[in-house]
Amino acid sequence: MERSVFHFENAYKIPNVKCLARCCKTNLPSNTAFRGFGGPQGMVFAESMISDISAYLNIDAVKISELNLYKEGDKTHYKQELEYCTLARCWNECLQKSVYYKQREDINSFN
């Protein structure tokens, strides 16, 4: 659980946060191939927040993500200052290589 809380913000600057987490044991298997001892599960939480905000505001989730990505010099919620922060460059490269905006336009036209 500690690892999930440590990574819950993923790549997003969230300046005001309070986390409450509970570990629960069930009689069901996790049925996942997740590794990372809770880190990936915490990151999925961040993407769920972006998705919820996007739906509520009726704005593309990509825009919400871009507005909230960590930037050079930002501090994480555990007080680490980011140096050589390449998130924006990586983000833009992924959008370009995936042809995201063209695909989004095609989807909107189809729908």
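How much of the accessible area of the chain, probe 1.4 Å, is carbon plus sulfur, in whole percent? All intermediate terms of the calculation are to be shown ahead of the outcome.
On the way: 5070 of 9010 Å².
Result for the chain: 56 percent of the exposed heavy-atom area is carbon or sulfur.
Can you tell which of Tyr78, Pro40, Ser30 lies farthest toward the positive end of the dipole of the chain, using +1 and -1 charges on the Cβ of basic and acidic side chains (Lys, Arg; Asp, Glu)? Of the candidates, Ser30 comes out farthest on the positive side. Take every pair of alpha-carbon atoms less than 8 Å apart whose residues are at least six positions apart; their mean separation over the length of the range 18-100 yields a relative contact order of 14 percent. In straight-distance terms, cross-link reach from Lys75 covers every one of the aspartates and glutamates whose alpha-carbon lies under 18 Å from its own, apart from those fewer than eight places away in the same chain; here that gives Glu9, Glu66, Glu83.
Once backbone amide H atoms are built at 1.01 Å from N, Tyr12 has Tyr70 as its partners under 5 Å, excluding neighbours fewer than 5 places away on the same chain. Computed over the range 62-111, the range of Cα coordinates on each principal axis works out to 45, 18, 11 Å, biggest value leading.
Can you give me the accessible area per residue for the chain, using a 1.4 Å probe, in Å²? Show your work: numbers first, answer last.
Numbers: 9010 Å² over 111 residues.
Accessible area per residue: 81 Å².
For the pair Lys75 and Asn108, the difference between a 0.36 nm per residue extended length and the Cα-Cα distance amounts to 8.2 nm. Taken about its Cα centre, the range 9-99 carries a charge dipole of about 360 debye when Lys and Arg each add +1 at the Cβ and Asp and Glu each add -1 at the Cβ.
Remark: the range 1-87 is approximated by an ellipsoid whose semi-axes, taken from the C-alpha gyration tensor as √(5λ), come to 24, 18, 12 Å, largest first. Mean residue ellipticity at 222 nm, helices only, the chain: -15500 deg cm²/dmol; runs of at least 4 DSSP H residues each add -39,500 (n - 2.57), and the sum is divided by the number of residues.
The values are calculated or read from the model by the stated rules, or taken from the named source; none is laboratory data. What you see is a predicted model, and the numbers here were worked out from it, not measured in a lab. We place every Cβ from the backbone using ideal geometry, glycine too, and count neighbours over all the protein chains shown. The area values use the complete protein model at the heavy-atom level, side chains included, leaving out ligands, DNA and RNA. Shrake-Rupley method; radii C 1.70, N 1.55, O 1.52, S 1.80 Å.
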